[in-house]
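The values are calculated or read from the model by the stated rules, or taken from the named source; none is laboratory data. Being a predicted model, the structure only gives us computed values, none of them experimental. As a convention, Cβ positions derive from the backbone with ideal geometry for all residues, glycine included, and neighbour counts pool all protein chains shown.
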Amino acid sequence: MNKAPPLIDLSQPPPIPELGLSRAVDVMRSGWLHRYGETLGDRSEVSLLEEEFAAYVGAKYCVAVNSCGSSMFLALVCAGVEPGDKVLMNSFTLAPVPGAVAHAKAEHVLVEITSDLVIDLADLECKAVQSGARYLLLSHMRGHSADMTALMELANKLGIVVIEDCAHTMGASWAGTASGRFGKVGCYSLQAYKHINAGEGGLLVTDDPDIAARAILHSGSYMLFDQHRSRPTDDVFARWKGVTPNYSMRMSNLAAAIARPQIGQLRERARVWNDRHDRLAALLARLPGVELPKRPQAEAYVQSSIQFRLRHLTEAALARFLDGCKRRGVYLKWFGSTEPKGYTSLSGQWGYLKDAHTPPATLQVLDRLCDMRIPLDLPPEACVQIVHIVGEELSAASDTADLTSHA
Ligand SMILES: *Cc1c(COP(=O)(O)O)cnc(C)c1O
């Protein structure tokens with residue numbers, strides 16, 4: 001049994017830049033951790049973050065909240081989802097996405113994905129027509145973008161409002177347009193493992209003044225919404241301020257102070273992540289039986305993780321493979337596990353859905369899907385070592401599977 005120490009900790013989140021550290025200390029010294037204050041004005045760290053992020057993605061408005069889950073919930077509610085409404089969603093995503101739909105008291109309509117891990121547009125049309133759903137919460141899961149040109153054409157034809165979950169696509173684009181700027185609302189996460197690390201946090205962007213005003217009021221602005229720099233005019237707030245409950249989902253100035261300097265680092269982070277991803281992908285593609293999703297030309301991805309399928313392995317062989325890799329420090333996540341583990345789960349395991357199931361085509365894809373996080377500090381040479389380990393464990397697991405199946 002090989003007990004080599006781990007090469008590298010694949011779960012290492014991106015570090016906070018020095019400027020973030022010093023601003024965080026300034027905020028703590030000042031005591032002004034809450035984003036509002038009668039005398040604070042509109043230059044709080046959160047307000048500046050909103051303004052800077054809106055400019056970064058080219059949106060009219062940005063509202064910062066305490067998580068991406070909160071931003072998706074607010075996006076649904078402010079876009080008009082009412083209890084009992086149906087919301088389409090791709091069935092390959094993370095639990096906060098169905099959670100946001102449940103939070104809005106809406107009903108989930110699960111849509112299949114393709115073997116390239118993106119929403120299946122034919123099934124989207126079929127489920128939209130069948131269910132009559134008028135909303136789509138589209139998760140660009142693990143950084144894979146569907147053909148957004150075709151998707152928006154279809155959504156417009158069917159009269160569907162699109163909300164994008166860009167937890168894994170901050171900094172990415174499709175045909176030159178930033179991820180999150182196709183739909184009515186784009187939602188981003190500042191959780192430690194996303195592209196900007198503030199520990200926790202969410203950003204909602206939109207060009208729609210009513211959605212922005214409602215999101216600001218719902219997020220918990222009290223009557224201090226004029227302390228937002230990125231906001232619609234007072235007449236829009238006049239329509240909503242008396243009738244919008246305060247859900248207290250604010251971001252703190254501490255999180256914003258940490259996040260702000262990272263916007264300027266996104267381009268360099270993307271370069272490093274993609275370099276490591278592309279090295280890993282090229283090496284993995286040479287291993288027998290390893291299938292990687294195809295990446296369309298129009299997609300400018302930011303891959304802070306990598307996915308591959310091992311269709312040729314039996315379930316037992318796959319379990320051995322994952323175990324063997326883990327023992328050697330290569331921690332791979334697996335979406336096909338019958339028990340939800342760590343961050344990963346299948347839609348069939350979301351028991352709060354009216355009809356919890358994993359759609360058949362999606363199950364076939366996820367059944368043998370491996371997923372590896374790419375830490376920013378992964379040295380280029382480590383890519384070779386990682387794929388070497390994957391290759392060795394793959395052949396060992398395949399051999400063992402043969403033996404057990406003949407036993
Ligand atoms: C992390 C994540 C979210 C939610 O982000 P939080 O900020 O943790 O609420 C949503 N969607 C996907 C795909 C994610 O990975």
Criterion (under 21 Å from E18 (Cα atoms), surrounded by fewer than 16 Cβ atoms within 10 Å (Cβ to Cβ) and touching a Gly at 6+ places or on another chain (Cβ under 9 Å)) met by exactly one of R271, R260, R267, R286
R267
Tell me yes or no: at least one residue of the range 56-70 is out of contact with any Asp or Glu (no Cβ under 8 Å at 6 or more places or on another chain), buried (at least 21 other Cβ atoms within 10 Å of the Cβ) and farther than 25 Å from H103 by Cβ.
no
Taking the conditions exactly as written (in contact (Cβ under 8 Å) with a residue 60 or more places away in the chain and among the hydrophobic types (A, V, I, L, M, F, W, C)), does V243 satisfy them or not?
no
Taking into account only those residues within the range 308-340 that are acidic (D, E) and not in a loop (DSSP other than H, G, I, E, B), which is nearest to L10 (Cα to Cα)?
D323
Name every residue in the range 185-197 that is surrounded by fewer than 20 Cβ atoms within 10 Å (Cβ to Cβ) and either of a type in the set (A, V, I, L, M) or away from the ligand (no atom under 11 Å from the Cβ) (or both), in order of residue number.
A192
How many of the residues in the range 135-164 are under 19 Å from D85 (Cα atoms), buried (at least 18 other Cβ atoms within 10 Å of the Cβ) and more than 16 Å from the ligand (Cβ to nearest atom)?
4
Could you give every pair whose Cβ atoms fall below 8 Å, whose first residue belongs to the range 31-59 and is farther than 13 Å from R260 by Cβ and assigned to a helix (DSSP H, G or I), and whose second residue is at pLDDT below 95 and small (G, A, S), counting only separations of at least 6 or pairs across chains?
none
Would you check if there is a residue in the range 221-234 being within 16 Å of the ligand (Cβ to nearest atom), aromatic (F, W, Y) and modelled with pLDDT of 95 or more?
no
Residue that is farthest from G171 (Cα to Cα), among those in the range 198-217 that are within 16 Å of the ligand (Cβ to nearest atom) and in contact with a strand residue (DSSP E or B) (Cβ under 9 Å, 6 or more places away or on another chain)
A215
Could you list, in sequence order, the residues of the range 75-99 that are more than 23 Å from T177 (Cβ to Cβ), among the aliphatic types (A, V, I, L, M) and either in a helix (DSSP H, G or I) or within 14 Å of the ligand (Cβ to nearest atom) (or both)?
V77, L94, A95
Given the options E381, E393, E299, E315, name the one that is away from the ligand (no atom under 16 Å from the Cβ), surrounded by 15 or more Cβ atoms within 10 Å (Cβ to Cβ), over 21 Å from H144 (Cβ atoms) and charged (D, E, K, R).
E393
Tabulated pairs, the range 105-123, first touching a residue at least 12 places away in the same chain (Cβ under 8 Å), second of a type in the set (K, R) and part of a strand (DSSP E or B), C-beta under 6 angstrom, 6+ apart or interchain
E107/K86; V109/K86
Of everything in the range 38-74, what is hydroxyl-bearing (S, T, Y) and within 16 Å of the ligand (Cβ to nearest atom)? Give them in sequence order.
S67, S70, S71
So, of the residues in the range 100-123 that are assigned to a helix (DSSP H, G or I) and surrounded by fewer than 24 Cβ atoms within 10 Å (Cβ to Cβ), which turns out to be farthest from the ligand (Cβ to nearest atom)?
A122
Which of the residues that make up the range 237-257 are of a type outside the set (F, W, Y) and crowded, with 18+ Cβ neighbours inside 10 Å?
T244, M249, R250, M251, S252, N253, L254, A255, A256, A257
Among the residues of the range 129-148, which ones are within 11 Å of I160 (Cα to Cα) and under 23 Å from the mean Cα position of the chain (by Cα)?
A133, R134, Y135, L136, L137
Any idea which residue in the range 4-53 is modelled with the highest pLDDT, counting only those that are among the polar types (S, T, N, Q) and under 30 Å from I306 (Cβ atoms)?
Q12
State yes or no: is E45 of a type outside the set (V, I, T), touching a helix residue (DSSP H, G or I) at 6+ places or on another chain (Cβ under 8 Å) and within 15 Å of L138 (Cα to Cα)?
no
